[in-house]
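The values are calculated or read from the model by the stated rules, or taken from the named source; none is laboratory data. Since we're looking at a predicted model, the values are computed, not measured. The protein model used for the area step is the full one, side chains on, heavy atoms only, and it has no ligands, DNA or RNA in it. Shrake-Rupley method; radii C 1.70, N 1.55, O 1.52, S 1.80 Å.
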Amino acid sequence: MILYACIVRLQDGLPLSASTDFHPNKQVLECKRWLRRLCVNLSQRPARGTAMVCDLHIHFCSAGDVSSLTICSSSYQSEAAFSFLDELIWEFSSSYNSTAIALASRPYAFLEFDSIIQRVKHNFNYGVSPPVHLDPSTKPVAVSLEQVAEANGFANGHVATQVSPASNHRMGPVSALGILSLTLNIMCSALSLIRGVHLAENSFQDGYENAGRVLAFLTAFSASLLQCYLYVFYSPARTLKSWGLFLVIGGCNVYLYGLRNLWQIGFHVSVAFLSAGQIMTRRPLDGHRGCGV
């Protein structure tokens, strides 16, 4: 029998629709886990393939922008399984165009297609003679679980723990106070850059006695921009970096006392403190939310 079927986007393996069958069998659940791992790099695999998990078979078929996958019992004919997958792709492509598929941003965006999956699955499971129409020029390729594990960074059935933080963390929403701190920080960095360049133009013609102050202006400029970056994008050790930059900006402004009065120094330090606080407030979202069906 056909136990489970799903449609995924070929480009990135995003699940678009799936059958909502309930199978408490441990073998089926394990097979579903391997199927999800297989979806990650379907674009790098042949158009048709078969993998064996426990006593079940995973068949997949890719065409156009999507791939269809199914879990079948080992006794189910592979010809009928691939004919089932071809019909699913045809039904899905006739219901949704390439633009809708490309714009899908959340898993199972076309969950209503489950009704069609159930109808086609019922025809193949309980039909007297299920329709079998296979292209003989495209032969399925056997896929081993070791190939799936290596391609996805799995070892002995477990996910590798080394994950790039920058690519798996999304930042929380931007607040009004955060936008204000970002704007003020950009303004302070621009002021430091202008004063530093102007001081360099006027001083370096006669000597380098003001080189330290020019460096302080440029350092404050760079630190302010880095604070903006930390607020907008995720970075490891954000707490240490944000308060470290605050101390750098404060130290540079204290060093510039004389070229800046107390009010100007207080303004720049206050903006840096506000930015550091906003960096701490805007935390990354959880990027590993399960979306099972």
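Just the C-alpha atoms of region 1-125: what Rg/Rh do they give, with Rh taken as the Kirkwood radius?
On the way: Rg = 13.2 Å, Rh = 14.2 Å.
My calculation puts Rg/Rh at 0.92.
How much of residue 209 can a 1.4 Å solvent probe reach, expressed as accessible area in Å² and rounded to 10?
Approximately 130 Å² for this residue.
Roughly how many whole Å is it from the C-alpha centroid of region 254-282 to that of region 14-55?
55
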